[in-house]
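Some notes on the structure that comes next.
No lab work stands behind these numbers, since they all come straight from the coordinates. Here the structure is a predicted model, which is why all the values come from computation and not from measurement.
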Amino acid sequence: MEALWKAKRRDGLRVIGVNLSEPLERVRAYTAEMKLTFPLVIDRDGELARAYGVRFTPTHFLIDRSGIVRAGGAGARDWDGPTARAAIAILLEPTPLSMSPARPGRADPPPNRRPERR
């Protein structure tokens, strides 16, 4: 996951590790040993785990730019493999603007404003 984070963070990827039960010193030691640079959160009271329905570790979620969970699962994953990279690439695509279709020859007035009569 660290390699994926380093490769894609400039493209907008955010990785946040969440630890559910380890003491702070153990988390720090593991982070240093694994040379992790992405942010880590310690969920001591289990609030995040409950909010996302986490029952097993490790658990992962892929959340799009709008904050919607698009995929998730429990167990180890190959974050450097083609399947994970393809899923991440889709989530990092720019979100298209949502616009109403244009009507030729007519401009609608801004909201809360009446059209002028001629």
query: For Leu62, which sequence-distant residues (separation of 5 or more, or a different chain) have an amide H within less than 5 Å of its own amide H, given hydrogens modelled in the peptide plane?
result: Arg70, Ala71, Gly72
- request: Could you list which residues have their amide H under 5 Å from that of Leu40, counting only those 5 or more apart in sequence or on another chain, with H placed in the peptide plane?
  value: Gly17
